[in-house]
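The values are calculated or read from the model by the stated rules, or taken from the named source; none is laboratory data. Everything numeric in this text was worked out from a predicted model, so none of it was measured. Ideal geometry is used to build each Cβ from the backbone, glycine not excepted, and the neighbour counts take in all protein chains shown.
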Amino acid sequence: MLLDVMRIREFAKKLGVSERVVRHYEARGLLRPPRTTNGYRTFTPGDLLRAEWIRDLIGAGFSTKEIRTVVPYFEKSGPVVGEVCRTTLETKLAQIDRLLDDLRCRRAVVAERLSSLDANDLQSSARPPKPPATSRRTDHERTQHPRAALPADRRLRPRRELP
C-alpha cells in the first residue's frame, strides 16, 4: 500500500498540473488528502482519478463551486450518483450550447462588418446589421447607441485634430 501513496510533487506531475494547482484544489475543498505525522500530503491513485475529473471539469468551464456539488459522488456509485452527475453535466452542456449560439451571432456581425469593409463600402458598414432570424437579442442589443441620442448636428460635427 505504501508504494501507491504519492507526495504532492509526484501527484502534480502525474496530473499534469503544478503543485500550486493541487494546493488550490485542496483549499477549495475539492481534494482532501490525508497528511503524514510530519505534515506531508499523501495521495492515492483514487485521489488521482478524482483530481483528473476536477481538472477536466475546470477546463470545461465549471466553477469550483459547481464541482464541489458533485465531488462527494466521485467515490460512490449507483443510479442516484449517476443521475446527480448526469444532471450537472447536462446543465453545463446546455450553457455551453447557449454560449456557442451567442458566439455564432457575434461572429456573423463581425463577418458582415468585415465584408462591407472589403467592398470599400464604409457607408453600409455604418448601418447596424440585421440580426439572424433565429437569434435572441440580448439587453445590450436592445439599447440604443449613445451617439444616436445626440442631436444630429453634434453627430455630424468633425472631430478636432490633435496638434
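From the list Thr69, Thr42, Thr37, the one residue that fits, being outside the structural domain of Asp97 (by TED's automatic domain parsing) and touching a helix residue (DSSP H, G or I) at 6+ places or on another chain (Cβ under 7 Å), is Thr69.
The set of residues in the range 16-51 being under 20 Å from Glu83 (Cα atoms) and either touching a Pro at 6+ places or on another chain (Cβ under 6 Å) or among the charged types (D, E, K, R) (or both) consists of Arg50 alone.
The helices (runs of 4 or more DSSP H) falling completely within the range 1-115 that include 1 or more residues that are of a type in the set (Gly, Ala, Ser) map to 8-15, 19-27, 45-59.
Against the condition among the charged types (D, E, K, R), under 30 Å from Leu99 (Cβ atoms) and buried (at least 18 other Cβ atoms within 10 Å of the Cβ), how does Arg20 come out, does it pass? Spelling it out, it is not the case that Arg20 is among the charged types (D, E, K, R), under 30 Å from Leu99 (Cβ atoms) and buried (at least 18 other Cβ atoms within 10 Å of the Cβ).
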